[in-house]
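Q: Please find one structure pasted underneath; my questions will follow.
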Amino acid sequence: MIKVKKRRVLLLPGDGIGPEVIAEVKKVINWFNDKKSLDFEIEEDLVGGISFDKHGTPLTDEVFYKALESAVIMLGAVGGPKWDGVEFSKKPERALLKLRKELKLFANLRPAICFEQLVNASTLKPEIVSGLDILIVRELTGGVYFGEPRGIKPIENGERKGVNTHTYTSSEIIRVARVAFDLAKKRSNRVISCEKSNVMEAGQLWKEEVQSLHDKDYKDVELSHMLADNCAMQLVRNPKQFDVILTDNLFGDMLSDEASMLTGSLGLLPSASLGAKNKDGEMRAMYEPIHGSAPDIAGKGVANPIASILSFAMALRYSLDLDKEAEALEKAVQEALNDGLRTKDIMSDKMKEVSTSQMGDAIISKLQ
Ligand code: NAD
């Protein structure tokens, strides 16, 4: 059994803008080490396309074992058109799915918070998004992305058939629902659980298990159920009706991308993927911005590092029990925005456009 090293932070920058945004996270970690003597041990390695180019695989065994030993994995992003032709099992994105699955990171937390300074960056009217604070809890290791059988196979009359299987067991549903209920208690105490129980048996089981867990252990939390397609519509109609949204892997993928646009830019949204605590209280976790490798802007120094920096704030809070430091970092981000500093993706009139590293430096200067 590989033990988790409590202060070990593994940086996996990955591809595209990944290395650019993770470089800013590294500066933040070094600042905490230098100024607050927090003795984080930083390790850094390859993942995704860059690992495939060097080693012929998107995730080597060596990196996988480093991940097993690390309390915190900070991932940038993987993938890009360069690897479009690569065989499916070697695609950069497979590294991510393997890390999530093998480290059993079943609960994906995706906050969508609209910063007051950026209310106008959203495509929705300011009054719809001002004050928005949603937390999406997405199941991450089950459902259609992992279910078997899967594949593409030839069938009669020269046709091919693509198969993926959407499955959930009771325990997979219950453990992620518990995370959502526990987090709701620290917020506005409301959970809306989303599935497609009208057309999918797995959705019906989802709804029943969430309801019975609620009735057994979380009667004090307000629970309601919503069909996932309705949730997609309600998110743009009246997003502030939501507090915690609990949903499965597939619907969570879409709903959280949709929610991200309420806040203005993909470049602002962090995420945490948490595993279960073992009997010694140790937990494995991976933190990453929700955006991808953004090949269209990679190498230009314009990527927004805020999503990655806020992902590290989540790591401080959920993995390292450093709530005060997490708050300080979130406040530093707000203050840099208050000063009118904007990366290109959130630039607006009368604001000052800054590069990726200038935004990182500004946030660090606010931490001082
Ligand atoms: P994307 O998130 O990379 O980019 C979508 C759009 O948002 C682009 O216009 C991009 O420039 C912009 N954007 C994203 N992050 C930004 C940032 N930090 N600052 C400013 N602008 C930003 O999604 P995509 O283009 O669909 O995917 C590109 C590649 O990334 C694909 O290979 C995809 O598989 C991969 N991907 C990886 C992850 C991950 O590693 N977790 C997630 C999604 C997509």
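Q: Quick check on this structure: which one of Met254, Met351 is hydrophobic (A, V, I, L, M, F, W, C) and either more than 21 Å from the chain's Cα centre (by Cα) or on the phi > 0 side of the Ramachandran plot (or both)?
A: Being hydrophobic (A, V, I, L, M, F, W, C) and either more than 21 Å from the chain's Cα centre (by Cα) or on the phi > 0 side of the Ramachandran plot (or both) holds for just one of Met254, Met351, which is Met351.
Q: In the range 314-358, which residue that is away from the ligand (no atom under 16 Å from the Cβ) and of a type in the set (Ser, Thr, Tyr) is surrounded by the fewest Cβ atoms within 10 Å (Cβ to Cβ)?
A: The extreme case among them is Tyr318.
Q: Can you find even one residue in the range 193-204 that is under 26 Å from Glu330 (Cα atoms) and part of a helix (DSSP H, G or I)?
A: Among the residues of the range 193-204, not one is under 26 Å from Glu330 (Cα atoms) and part of a helix (DSSP H, G or I), which makes the answer no.
Residues are listed down the side, and each one gets a yes or a no for (1) farther than 23 Å from Asp257 by Cβ; (2) hydrophobic (A, V, I, L, M, F, W, C):
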| position | (1), (2) |
| --- | --- |
| Arg110 | no, no |
| Cys114 | no, yes |
| Leu124 | no, yes |
| Ile134 | no, yes |
| Asn157 | yes, no |
| Arg160 | yes, no |
| Arg187 | no, no |
| Glu195 | no, no |
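Q: Any idea how many residues of the range 12-28 are touching a Pro at 6+ places or on another chain (Cβ under 9 Å) and either modelled with pLDDT under 95 or not in a helix (DSSP H, G or I) (or both)?
A: Qualifying residue count for the region: 5.
Q: How many residues does the range 122-181 contain that are among the hydroxyl-bearing types (Ser, Thr, Tyr), touching a residue at least 40 places away in the same chain (Cβ under 8 Å) and surrounded by 11 or more Cβ atoms within 10 Å (Cβ to Cβ)?
A: Residues that pass the stated criteria total 4.
Q: Condition first: within 13 Å of the ligand (Cβ to nearest atom) and among the basic types (Lys, Arg). Now tell me which residues in the range 67-95 satisfy that.
A: Lys82, Lys91, Arg94 - these are the residues of the range 67-95 that are within 13 Å of the ligand (Cβ to nearest atom) and among the basic types (Lys, Arg).
Q: Determine which member of the set Ala362, Ala332 is touching a strand residue (DSSP E or B) at 6+ places or on another chain (Cβ under 7 Å) and of a type in the set (A, V, I, L, M, F, W, C).
A: Going through Ala362, Ala332 in turn, just one is touching a strand residue (DSSP E or B) at 6+ places or on another chain (Cβ under 7 Å) and of a type in the set (A, V, I, L, M, F, W, C): Ala362.
Q: Out of the residues in the range 8-64 that are free of Cβ contacts under 8 Å to residues at least 60 places away in the same chain and among the aliphatic types (A, V, I, L, M), which is surrounded by the fewest Cβ atoms within 10 Å (Cβ to Cβ)?
A: Looking at the filtered set, the residue picked out is Ile42.
Q: Return the residues of the range 253-311 that are among the basic types (Lys, Arg) and either near the ligand (Cβ under 9 Å from one of its atoms) or closer than 22 Å to Arg175 by Cα (or both); say none if nothing qualifies.
A: Correct list: Lys277, Lys279, Arg284.
The values are calculated or read from the model by the stated rules, or taken from the named source; none is laboratory data. A quick note: this is a predicted structure, and the numbers were derived from the prediction, not measured. Neighbour counts are summed over all protein chains in view; Cβ atoms, including those assigned to glycine, are modelled from backbone coordinates with ideal geometry.
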